């Protein structure tokens, strides 16, 4: 398979996931079952791409603790290249408390741990793993100073940049925004960045224009069960999501983003890349956990073939 080089920058967490009948209200106690999963937005995206058959590099920072070593092993078993991953002595790995209701909805609280200790200098050292003509994918869980430095290196390194702005925080420089090729928020993140409530494709179009005003070359907004909306200065389109039975929405956006990046790395046409990313996200929400829910290349191919047959009938 002839693909462009692919590298992810972002966070890795140990997810402590409680499966509950419904999400609790403030002050309420509920019974639930606890399972631990490997997670973190950056790691989830890298694993999504690896499960599709690519061999992406990944920069992240893990603690020198039991969780960190387990998370590293999980990434390597998924096919993620670990050369750039840092194990930080005396520091604690990131973790997240996730509650998932029977309807698939979730609530998440994150303790970033050593993810917060990434510096611009660390990013510069990790950048040696970025190959010429690579696609680089970043999310907003790392310190903003580190992200600004990564984005500044785009001109010299010659990579294409996909940016998932989650969790949304201020401080990204105008020059950094202008270096983004694709910004890929969900509805909530698009609202936080633009002030436009994204309810459907029509409101997504307005939010996309505002996102383009920030500087990115293209905006790709995910709308959960509705689908995705794409816009750049020359074209726009929307694609419907694939209907599936939702079990757990955790990491659906990461599945979409990792699959979109992988599809571009394989030189798929833009619409096809978005459609494939929607398929990966659809399969992701039918399974529990974050990285454990990322589908294989074969499963995605079979799913898309079945959907094509349905569309033709």
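Among the residues here, residue 105 qualifies as surrounded by fewer than 15 Cβ atoms within 10 Å (Cβ to Cβ), under 22 Å from residue 258 (Cα atoms) and in contact (Cβ under 8 Å) with a residue 40 or more places away in the chain. With respect to being on the phi > 0 side of the Ramachandran plot and in contact with a helix residue (DSSP H, G or I) (Cβ under 7 Å, 6 or more places away or on another chain), residue 227 fits the description.
The set of residues in the range 152-162 that are touching a strand residue (DSSP E or B) at 6+ places or on another chain (Cβ under 7 Å) and not in a strand (DSSP E or B) comprises 154, 159.
Sort out which residues of the range 162-171 are surrounded by fewer than 21 Cβ atoms within 10 Å (Cβ to Cβ) and either touching a helix residue (DSSP H, G or I) at 6+ places or on another chain (Cβ under 7 Å) or under 21 Å from residue 129 (Cβ atoms) (or both), and write them in order of number. Passing the criteria: 166, 168, 169, 171. Looking across the range 178-219, the residues that are more than 18 Å from the chain's Cα centre (by Cα) and within 20 Å of residue 146 (Cα to Cα) come down to 178, 179, 214, 215. Residue pairs whose Cβ atoms lie under 6 Å apart, separated by 6 or more positions or on different chains, with the first residue in the range 152-179 and without any contact (Cβ under 8 Å) to a residue 12 or more places away in the chain and the second surrounded by fewer than 13 Cβ atoms within 10 Å (Cβ to Cβ), do not occur. For the range 73-94, the tally of residues that are surrounded by fewer than 21 Cβ atoms within 10 Å (Cβ to Cβ) and either free of Cβ contacts under 8 Å to residues at least 24 places away in the same chain or under 22 Å from residue 255 (Cα atoms) (or both) stands at 9. Restricting attention to the range 38-50, does a residue exist that is farther than 19 Å from residue 139 by Cα and either in contact with a strand residue (DSSP E or B) (Cβ under 7 Å, 6 or more places away or on another chain) or surrounded by fewer than 17 Cβ atoms within 10 Å (Cβ to Cβ) (or both)? No: zero hits.
If you go through the range 287-303 and keep only what is in contact with a helix residue (DSSP H, G or I) (Cβ under 8 Å, 6 or more places away or on another chain) and modelled with pLDDT under 95, you end up with 287, 290, 291, 293. When residue 137 is tested against (1) surrounded by fewer than 18 Cβ atoms within 10 Å (Cβ to Cβ); (2) under 23 Å from residue 207 (Cα atoms); (3) in contact with a strand residue (DSSP E or B) (Cβ under 6 Å, 6 or more places away or on another chain), exactly one condition is not met: (1).
For the range 115-123, does any single residue satisfy the condition of being loosely packed, with under 15 Cβ neighbours inside 10 Å, over 17 Å from residue 62 (Cα atoms) and more than 17 Å from the chain's Cα centre (by Cα)? There is no residue in the range 115-123 that is loosely packed, with under 15 Cβ neighbours inside 10 Å, over 17 Å from residue 62 (Cα atoms) and more than 17 Å from the chain's Cα centre (by Cα).
The values are calculated or read from the model by the stated rules, or taken from the named source; none is laboratory data. Model, not experiment: these values are computed from the prediction. Cβ atoms come from the backbone with ideal geometry, glycine included; neighbour counts cover every protein chain shown.
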